[in-house]
Every structure is written in structure tokens, then in C-alpha cells.
Amino acid sequence: WFDLARRRAVDLIGIEDWMGLQYMYGPNTTWEGFQLMGFQSAIMRSGGLHGGGPIPIISWITPSNEQNFRLKAASSLCQGAKHFFFWTYGPTCTSTENYWSDLRGAYDGMAHLSRQLAFSEPVIAEGSLRPARIAILYSISSDLWQPFGYLHMLERRCAYLAFVHAQHRVDFVTEDDIEAGRLKDYDVLWTSDPCIRTASVERIGQWLKGRGRKLLGSCGAGHFNEFGEPVDALAGLFGYERDAGRSWKVQSAQYRVRGMLNRLAPLHRDGAGLQWVGLDWKVKPTSGEVRQSFQGGGPAEVVTDRTTYFCGTPGVSYARGAKFVRESLAEKWPAHWRGRMLADVESVPPPVRLSHPVVEAGLYDRGRSSALVLGNFTYADIPELKVAVEVGFKVAQVRSAEKGPLPFSQNGRRVEFTLALGISDILRLDGG
């Protein structure tokens with residue numbers, strides 16, 4: 001995926017959801033929900049950052065009711081997919097599967113999205129997303145070796161979701177990107193990759209010496225090199241050493257199946273009462289300090305002035321705490337887990353600040369206009385969503401695709417306003 005985008009091997013690169021939940025292939029392919037549309041878009045977008053300019057991304061949306069349809073589109077658009085294709089075949093009697101022509105809700109969703117896009121297209125079509133200051137490593141070495149099976153892939157996805165739930169912008173970087181010096185564009189790097197190339201580890205160490213930079217890790221990050229050999233390459237940076245037996249425990253689970261995390265008994269409870277699942281990973285602090293311990297003994301978090309190491313899989317634990325319902329959108333992402341995971345990135349401001357978490361945001365700029373895309377993954381109406389965003393121009397009006405003109409205030413670059421948010425919306429901030 002990264003190479004396709006980076007090398008511009010195609011003129012238009014596509015993501016496709018197949019996340020039916022109540023439709024198409026059902027909950028077994030819906031995993032952690034419709035924000036994975038944005039996750040896929042972010043991968044494609046990140047690959048195109050260093051390949052001669054952004055590559056156009058198209059989001060293919062399979063049959064859904066209005067809520068599902070709009071959430072899929074909003075997450076895609078928040079992360080850079082500006083083109084959409086709907087499964088407009090049908091009716092079923094003429095084709096092979098249950099296309100959207102059989103679903104009234106899909107018509108409603110398509111019409112609603114089309115109105116939002118018509119309203120925002122003058123800004124978004126030629127606009128650019130705000131640059132990200134946070135990167136997540138996507139190690140190809142880890143995906144090839146998979147020493148812990150699927151676990152690290154889920155941990156990576158759930159770390160991404162934690163950042164996005166706090167309205168942070170995140171790019172993905174590969175080992176190739178790191179060795180090409182592209183970490184210089186970021187203040188924070190998160191890695192949940194047990195296998196990392198030796199040359200990449202060296203560049204991470206060099207990057208970390210820069211002012212204000214933070215390295216966060218989990219899931220045995222850097223325990224193996226690109227050949228699957230145990231090396232503990234990042235242990236010195238994280239301020240720990242592995243126990244002599246190099247032992248670990250991976251909980252057996254159907255990590256790919258929606259709702260199956262609910263069945264996992266906790267491996268540990270830490271001093272704050274949080275329940276950890278996924279990976280049991282024992283370390284001995286050296287230069288690092290223990291910030292949080294497990295109730296049965298042993299560190300849960302080891303920190304230095306520049307690094308934070310989670311001795312397990314906090315992202316997977318975050319997802320378990322959401323308590324997914326197999327056939328409906330009813331998960332509630334726990335704030336206490338998200339706060340723990342992101343405690344050391346508070347100095348990095350998100351592009352937009354919202355009063356409510358778990359609302360995905362994408363901010364586009366074009367000249368003296370900005371467009372803010374919102375997808376409400378709390379699944380409940382928010383009567384008063386407070387928004388604060390910085391822009392480089394004097395704002396003359398703030399308009400909502402759903403609600404029309406909104407009152408606002410501006411103090412310097414900071415613009416603040418409040419709106420009632422349903423499933424999704426797009427706001428325009430226009431200068432005079």
C-alpha cells in the first residue's frame with residue numbers, strides 16, 4: 001500500500017470497506033468500526049506524502065443505512081479521501097449481491113453526503129489537510145514476521161484510534177521513511193512494532209535527541225530486528241532491560257472478530273485499576289522510572305524524560321474497554337484508557353479542539369477559507385459541541401452544511417463556536 005502511493009503507481013488509489021455490520025457481510029468484517037475507513041485513507045495519504053505530492057484517494061462505500069453511510073464517508077474524508085464511489089448496481093435480481101438500490105437508507109445517506117460535499121467542495125477539492133505532528137510506525141518487518149500473531153496489528157490500529165478520538169492528526173511512517181530522514185517532520189512517534197529494522201532503530205535514536213521529541217512504545221516494540229532475531233534494540237531508549245528468560249505471554253483470542261475482546265479475562269490490573277489484556281511483557285527498569293505498576297508486581301509503565309513504554313498492549317485494552325456490541329454501533333471508548341495512552345503528548349496541540357472526544361475531525365485549508373469535517377462516533381446527538389480552531393485569516397462567517405450560519409468569536413488566530421452535531425457535518429470558515 002505504501003509503495004503504491006509513494007511511487008504513484010496508479011493515478012487514483014482506492015479503499016473499500018466491506019464493513020457491513022447489519023448489511024452485506026455483517027459484523028465479522030466490521031472489526032473496530034467505521035473509523036477504519038479513515039485508517040485506510042491515512043495509510044494511502046501517508047504513502048503519498050513523499051512521492052511527488054498527494055495521490056488522489058477514492059472511498060468505495062458498500063451498502064449501509066444512512067447513519068453507517070455517513071459515518072464511513074466522514075471518516076474517509078477526515079483522513080484525505082476526497083472521491084467517493086457507491087455500489088450503485090441493482091436491483092439484486094439483476095446482479096450478484098445486495099447493492100444499495102435495495103436500501104432506502106442508502107439513498108438518504110447518499111443525498112445527505114452529496115449536499116455536504118456540494119457545500120464544502122470549493123474548499124476541500126483543492127484544499128490541504130493540516131500537517132500532522134504525530135507519527136505511528138507501520139513496520140513492514142513486524143507484519144512479515146508477526147511474532148505475536150495478529151496482536152501487534154490490532155494494537156497499532158487501536159493506538160491510531162486513541163489519537164483520532166482526541167482529534168489529533170496522525171501520519172504513518174514505514175522503516176523506509178525513517179531511514180530517509182522523514183521523522184524530522186514529527187514531534188511524537190508511537191510504535192507497537194515488535195520487529196524493527198536495525199537501521200531504523202538507529203535513526204529513531206538520532207531523531208529522539210531533537211528538542212521536545214517523544215517516543216512512545218508498546219507490544220514489545222523493537223524486541224526483534226528485521227530478521228526476526230531478538231535484539232531489544234529500543235530497550236536502552238525506553239530505559240529498561242528484558243528479563244533473562246525473554247519470556248512473554250500472548251492471550252489467545254479471535255482478535256479479528258468484532259466483540260470477541262469482551263471475552264478476554266484481564267492479564268493484569270494496574271495501580272489505577274485499569275484492566276490489561278493481550279500481551280504480558282516483563283521488563284526491569286534501568287534508566288527509566290516506573291510510573292505505574294501492576295497490582296501483582298512489575299512495572300506497567302516505564303518513563304524517561306523523552307520516552308514512555310507500556311509493558312503490554314494498552315491499545316487492545318482500550319478497545320476491550322469499549323465493550324463492542326456485535327451487531328450494532330454501541331461501543332463507548334473509555335476516557336481513562338485514552339488519557340493514559342496520550343498523557344505524554346499533551347504538549348502537541350491537535351489541529352482542532354472539540355469539547356467531546358470520539359468525534360473524528362478533518363481540517364482542510366484553502367486560501368482564506370477552511371473546512372472542518374466532523375464524524376460523530378459517539379453515536380449520540382451532541383446538543384452543544386464546542387469547537388476551537390486556529391486559522392490564518394480574519395473570519396467573516398462560519399456556516400454549517402446542516403445548520404446554516406453560526407455565531408462565532410475570533411481572538412487573534414483562534415476561532416470559537418458551538419453547534420448541535422448529529423451523525424456528521426461539514427463547517428466552512430470563510431474570510432471576507
Self-check item: Pick from the range 13-52, criterion open to solvent by 20 Å² or more (accessible area, probe 1.4 Å) and within 20 Å of residue 186 (Cβ to Cβ), ranking: nearest to the chain's Cα centre (by Cα)
Solution: 45
Practice problem: Count, please, the residues in the range 148-160 that happen to be crowded, with 23+ Cβ neighbours inside 10 Å, of a type in the set (D, E, K, R) and closer than 20 Å to residue 132 by Cα. | Solution: 1
Quiz item: Name the residues in the range 280-299 that are among the basic types (Lys, Arg) and either at pLDDT 95 or above or on the phi > 0 side of the Ramachandran plot (or both), would you?
Solution: 291
Quiz item: Taking the stated definitions as given, is residue 400 without any contact (Cβ under 8 Å) to a residue 40 or more places away in the chain, under 12 Å from residue 427 (Cα atoms) and crowded, with 17+ Cβ neighbours inside 10 Å?
Solution: yes
Quiz item: For the range 289-310, how many residues meet the condition of being open to solvent by 10 Å² or more (accessible area, probe 1.4 Å) and either of a type in the set (Gly, Ala, Ser) or more than 16 Å from residue 215 (Cβ to Cβ) (or both)?
Solution: 9
Quiz item: Are any of the residues in the range 161-172 touching a Pro at 6+ places or on another chain (Cβ under 6 Å), charged (D, E, K, R) and open to solvent by less than 30 Å² (accessible area, probe 1.4 Å)?
Solution: yes
Exercise. Go through the range 56-73 and count every residue that is open to solvent by less than 10 Å² (accessible area, probe 1.4 Å) and not charged (D, E, K, R).
Key: 10
Exercise. Take the range 125-171 and flag every residue that is outside any strand (DSSP E or B), among the acidic types (Asp, Glu) and touching a helix residue (DSSP H, G or I) at 6+ places or on another chain (Cβ under 6 Å).
Key: 155
Quiz item: List pairs: first in the range 202-215 and within 13 Å of residue 181 (Cα to Cα) and free of Cβ contacts under 8 Å to residues at least 60 places away in the same chain, second open to solvent by 100 Å² or more (accessible area, probe 1.4 Å) and among the polar types (S, T, N, Q), Cβ under 7 Å, 6+ apart or cross-chain?
Solution: none
Self-check item: Restricting the range 323-338 to residues that are exposed (fewer than 15 other Cβ atoms within 10 Å of the Cβ) and not in a loop (DSSP other than H, G, I, E, B), the residue that is farthest from the chain's Cα centre (by Cα)
Solution: 336
Exercise. Mind counting the residues in the range 172-213 that are of a type outside the set (A, V, I, L, M), within 25 Å of residue 343 (Cα to Cα) and assigned to a helix (DSSP H, G or I)?
Key: 7
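To keep it simple, each residue is scored yes or no on (1) of a type outside the set (Gly, Ala, Ser); (2) modelled with pLDDT under 95; (3) farther than 20 Å from residue 218 by Cα.
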| residue | (1), (2), (3) |
| --- | --- |
| 266 | yes, no, no |
| 270 | yes, no, no |
| 275 | yes, no, no |
| 278 | no, no, no |
| 301 | yes, no, no |
| 324 | yes, no, yes |
| 330 | no, no, yes |
| 347 | no, yes, yes |
| 353 | yes, no, yes |
Practice problem: Only one of these is open to solvent by 10 Å² or more (accessible area, probe 1.4 Å) and within 20 Å of the chain's Cα centre (by Cα): 355, 369. Name it. | Solution: 355
Self-check item: Pair list, Cβ < 7 Å and 6+ apart or interchain, from the range 5-29 residues that are farther than 14 Å from residue 46 by Cα and among the hydroxyl-bearing types (Ser, Thr, Tyr) to residues that are in a strand (DSSP E or B) and open to solvent by less than 80 Å² (accessible area, probe 1.4 Å)
Solution: none
Practice problem: Note down all Cβ pairs under 8 Å where the first residue falls in the range 51-71 and is in contact (Cβ under 8 Å) with a residue 60 or more places away in the chain, the second is open to solvent by less than 20 Å² (accessible area, probe 1.4 Å) and aromatic (Phe, Trp, Tyr), and they're at least six residues apart or on different chains. | Solution: 68/34; 71/34; 71/377
Quiz item: Cβ-Cβ below 6 Å, separation at least six or inter-chain, first residue in the range 383-396 and under 13 Å from residue 430 (Cβ atoms), second at pLDDT below 95: which pairs?
Solution: 396/432
Exercise. Check 120, 128 and return the single one that is under 30 Å from residue 430 (Cα atoms), hydroxyl-bearing (Ser, Thr, Tyr), touching a strand residue (DSSP E or B) at 6+ places or on another chain (Cβ under 7 Å) and surrounded by fewer than 21 Cβ atoms within 10 Å (Cβ to Cβ).
Key: 128
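The values are calculated or read from the model by the stated rules, or taken from the named source; none is laboratory data. Model, not experiment: these values are computed from the prediction. In this analysis, Cβ positions are derived from the backbone assuming ideal geometry, glycine residues included, and neighbour counts consider all displayed protein chains. All accessible areas refer to the heavy atoms of the entire protein, side chains included, with ligands and DNA or RNA removed. Shrake-Rupley method; radii C 1.70, N 1.55, O 1.52, S 1.80 Å.
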